[in-house]
Structure formats: structure tokens, C-alpha cells
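Take a look at the structure below.
Readers should treat all values here as calculations from the given coordinates under stated rules, not as data from a laboratory. All values reported here derive from a predicted model rather than from experimental measurement. Cβ placement follows ideal geometry from the backbone for every residue including glycine, while neighbour counts extend to all protein chains displayed.
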Amino acid sequence: MHPENTAQSAADSPAVHPPEHTAAHTTQQPEHLGLPVRNPATGAVLDRVRDHSAEEAAAMVDAAQAGFRTWRATAPRHRSEVLMAAYRGMQEQAERLRDLIVAENGKSKADAAAEVSYAAEFFRWYAEEAVRTPGEYTEAPAGGVRNVVTRHPVGVAVLITPWNFPAAMATRKIGPALASGCSVLLKPASETPLTAFAIAEILTEAGVPEGVVQVAASSSASRVVSAWLADDRVRKLSFTGSTGVGRRLLAQCAERVVNTSMELGGNAPFIVTADADVDAAVDGAMLAKFRNGGQACTAANRFYVHQDVLGEFTEKFGARIAALRVGDPAGGAEIGPVITEQAAEQIRELIRGAREQGAVIAAEAHLPQDLNRAFLAPTLLTGVPTDAEILREEIFGPVAPVVAWTDLDAVIELANAAEVGLAGYVYAGKLQAAMKIAERLEVGMVGVNRGIVSDPSAPFGGVKQAGIGREGGRFGMEEFTEVQYLSVDWP
Ligand code: NAD
């Protein structure tokens, strides 16, 4: 829902200098000093960053190409050691990064700390992967020829990341890109560039040479990204964001047939069967729905609960939701604001629409009066009709719509009706039954009796309009390499 609008406005506003201040530092500088970064919980300007022009962006490609030449010539072991040093750097600066994320994104301290640790793990994982360079050496079937197959870094890579995981979405791309020998041009979301600059500093301190990692924030995403994608030396786009923006970028990449990886929107179903352990399902539902205040592409968006356990599930889930503490995350609240007041308004609109169609608010957390309009009360909606807009759109906020079911085939059909297929969740009493349901879901990842799927060692990504390619695990390396085969005469 929000992403296309937000993207458009974020995409077309003007960028100055890398930030020099930490999250705690707020400034009252005039507008012309750069792109302001705001704390969504308070509205305060945290810092200003350079608002890059198209010319500045274009010049960055020269440095990226020079950086690529240097970096690809280094030994895999060297790249591995640099990434491992960056992993340690992130651990050493974990608290600073956590506070930066809380300030510019608005998620809770616990969620931000978990993100920093998850994000750092990508550097560790890809430090370990950097030295695994599998290839093939085979005899051609007709004989007389040897096939030698190797992988090479794709080249200068453009990385575009969203605001919902400002650290992890960057390291999930930078890790495999650097391990493979690519140089990168990173455009973080205009709402959350400070974390990206802090990670770039850590990489520099870890020994990444000049030109290999460059970051450009911009009030006009399209201005910077178009300048990059127009340059023949840019050979890769790795994008994480909404399906709408992803579609436009795919069209742009078609012009020069740029290699793309697309991590796009989600609309995860969460299925609970009649014999599921309801307490475990509620624990999983809390994690799948309220991690990051519901602003995750893997967030459970549609709860399909078997009629036999509906009463118990909604009562227990409702009690947990009502107990959530909403407020400024810097003060320790569990649920902070959503990213902007505009995003909150769109979610309120989805709730209004569902209620007009007969949905009922079964539980709601307390929303303190002194908070701004970006805060929403975590809400449980029951009796949601299966055609409600709230079930078709990515809610991206702390609202849990529940639908009762009795027929398994019908509920799987409903779950698969979404045009995106990123994540899904299944809770069932018998593991094999849960896995059989999971295998029928048209999604890239399923939490089987688990409320979380993200893991640096596993392939993250979706099917249908949720994207192309995978990040994480050994799959992440493949996205930043090209296969070359040598046909060797072997008389
Ligand atoms: P968004 O698509 O609005 O923006 C993502 C990034 O693209 C930002 O850096 C933005 O500045 C940039 N951008 C916007 N318009 C652009 C343009 N015309 N040209 C080039 N770049 C442009 O998404 P968002 O609101 O930041 O993030 C939320 C969305 O991201 C949700 O849909 C969510 O599901 C998705 N997401 C997906 C994953 C995944 O791994 N599949 C992970 C996190 C978030």
C-alpha cells in the first residue's frame, strides 16, 4: 500500500555531507544544509546528510570502477578477513548502531538490538563464504574437450535498501557483494541513511579500500539511481523495497539488460490448524506480527485460524496485544511509531474499511494521548470478510486481521490468492501435516511452527511478484557472480 506513494515522494525530493553526528545529536540547521533525517517518534531533526545531485552520483561510478579493479584482484582470504573485521566492528559498535536505528526508524530498542546482531551476522557468514569458490571441471560428453566452469564478480553493483531494516538490508547485500569481489554503490532509504553511513565507516575501518563501498543519500532516489543505472560500467542492481518501485526499476534495467535481484513486498498468511498448540501459535503470532511494529516484509498479514481453536486463539492473542506498551522507543516502549504519519493514516484507513465490512476490534493496546499521529494502537480484528482490502494490502503496521476457516483446501486457496508470495507461517499439531501445508503455499519461505524465518545462512526471497533471486546463504553469493565456462581443447 504505502510504498508506491512514499517511494514516489521520497524518490523525487533533492542530497550534502555524510553525517557527523550520532543519534543522540539533534540539530536545528537551516534546510539548505542537506537532507534532514527525522526521528519519527518525536519529529526532531536528528541530522542532515548530503543530498546528492545526478552529477555527483555519476562521478561515484568512476571511483566504484577503480575500486572494483583493486578489490577483485585481492585474494579471497583477504576479503574474508576484511569482512570478519567488519563483523567485529559492528559488534563493538552495537550499542551506537542500535540507538541510531531506534532514532531514525522508530523501532523498539530490543528490535533494533536484534537487527544489529542479525545484520552483523551477514558479514560473518560472507567472510566465511568468501573463500568457498566452487566451480566445475568436466569432460564434455563427446570427449576431446574439458569444460572448466568458474564464477567471477559481476562488477560494480547498485544496492537500494528500504527504511524498515536500515542495517540488515544493507549488510545482506554488501556482505556477498564484497565477498565476491564486487564494489558497491549503496542508496539507503531517505528516511534512514544514518545507519548506512555508520556501516560504511565500519567497513572503511575494517580495511575496505577507497571506492569499494560508497553511499549516496538522496531526497530523489530516481535522480541518483538513474545516473548510476545509465552507466555501462554498472552491471548489477540489487533492490529491496516495494513491488511497485521494483517493477519500475526492472523496466529501467531492461534498457541495458542489467543483472537484477529483487526483494519485494509481502503479504504473509499465518495458518493455525485445529490441532495446533495454541500457546505456541500465539507466541509465533506475536513475533510474526509485532516484530518491528509490523513493518517487516515477512510480517504475518492474514491470520487464518481453524474455527475449533478460534475462541482460544483470539482470547490469548488479544490479551497479549492489549498488554503491549506503545510509546517513544528511546524510553523503552515495545511498540514505537510507524515510519510516517502518512503511513499511519493509510493503516487507519484499512481498519476503517474492514470495520465497515463487518470486522470487529476484538482487542487493542492503550495508545497514550501525548503521542503524534505516527503512532497506532496494536489492534486485533476479528470477523474480517475474506474480500476485505486489509487482507489484500501489505498492512505494514501493528494490526492483526483474523479469518476463521474449516476447509483446508479452501484456506490454502485463500492464502495463495495474493499476487506476492514472500513468507508464510503454519502452526499444526503434527509436523508432517504442517510441512505438507507449507509445501502447498506459493511463497519463498515458510515458518513451520515458528514465527520467524530470517536467517543469514538460509535463502531469503519470494515467488510471484515478491521478487527475483535470493539473499543469504550460498545463494546470496550467486547473485553477485557470473558464470564463465572455458571450453578447452583436449586432444
Ligand atoms: P520503497 O520501495 O518505497 O523504497 C525502497 C527504496 O527504493 C528506498 O531506498 C527508496 O528511496 C528507493 N526508491 C524509491 N523510488 C525509487 C525510484 N524511482 N528509483 C530508484 N529508487 C527508488 O520501499 P520502502 O517503503 O522503503 O520499504 C517497504 C517495502 O519494502 C515493503 O513493501 C516491504 O515489503 C519491502 N521489503 C522487502 C523485503 C524483502 O526482502 N523482500 C525486505 C524489507 C522490505
- Message: Just to check I understand the Karplus step: with θ = phi - 60° and J = 6.51 cos²θ - 1.76 cosθ + 1.60, what whole-Hz values come out for the range 123-133, glycine and proline as x?
- Response: 5, 5, 4, 7, 5, 6, 6, 4, 8, 9, 10
- Item | Segment GLN342-ARG440, length gained on full extension (0.36 nm per residue, minus Cα span) | 31.7 nm
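Per-residue ellipticity at 222 nm for the chain, helices alone: DSSP H runs ≥ 4 residues times -39500 (n - 2.57), over residue total, nearest 500 deg cm²/dmol? Kindly include the intermediate steps, with their values, before the conclusion.
On the way: 16 runs with 200 residues, N = 491.
My calculation for the chain gives -13000 deg cm²/dmol from helical runs alone.
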- Scan around ASP455 for amide H atoms under 5 Å from its own, H built in the peptide plane at 1.01 Å from N, and keep only partners 5 or more places away or cross-chain. none
- What is the Cα radius of gyration of the chain over 2.2 N^0.38 Å, N being its residue count? 0.99
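What Kirkwood Rh does the range 92-249 have if only Cα atoms enter the pairwise 1/r average? Answer in Å. Please list the in-between numbers first.
Details: mean 1/r = 0.0589 Å⁻¹.
When all Cα pairs of the range 92-249 are included, the Kirkwood radius is 17.0 Å.
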- If r is the Cβ-Cβ distance from TYR137 to GLU205 and R0 is 60 Å, what FRET efficiency results, to the nearest 0.05? 0.95
- By per-residue mean of other Cβ atoms within 10 Å, what is the highest-first order of 474-483, 104-113, 75-84? 104-113, 474-483, 75-84
- Message: Using each residue's phi in the range 483-488, evaluate 6.51 cos²θ - 1.76 cosθ + 1.60 at θ = phi - 60° and report the 3J(HN,Hα) Karplus result to the nearest Hz, with x for Gly and Pro.
- Response: 8, 10, 10, 9, 9, 9
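Would you kindly calculate the translational diffusion coefficient of the range 268-455, applying Stokes-Einstein with the Kirkwood radius from alpha carbon pairs, for 10 °C and a viscosity of 1.306 mPa s, and quote it in µm² s⁻¹ without decimals?
Details: Rh = 16.3 Å.
For the chosen part, D equals 97 µm²/s.
Want the number for GLN432 to GLU56: 0.36 nm per residue separation, take away the alpha-carbon distance, what's left?
On the way: separation 376, 0.36 × 376 = 135.36 nm, distance 5.54 nm.
Answer, rounded to one decimal: 129.8 nm.
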- Residues whose modelled amide H sits under 5 Å from the amide H of ARG38, counting only those 5 or more places away in sequence or on another chain, are LEU46
- Given a Förster distance of 45 Å, the FRET efficiency implied by the Cβ-Cβ spacing of GLU255 and ALA319, rounded to the nearest 0.05, works out to 0.25
- Query: Out of residues 5 or more away from ILE271 or on other chains, whose amide H comes under 5 Å of its own, with H placed 1.01 Å from N in the peptide plane?
  - Reply: TYR304, TYR425, VAL426, TYR427
- Query: Under a point spin-label approximation (7 Å from Cα along Cα-to-Cβ), what is the VAL148-SER487 distance to one decimal in nm?
  - Reply: 1.6 nm
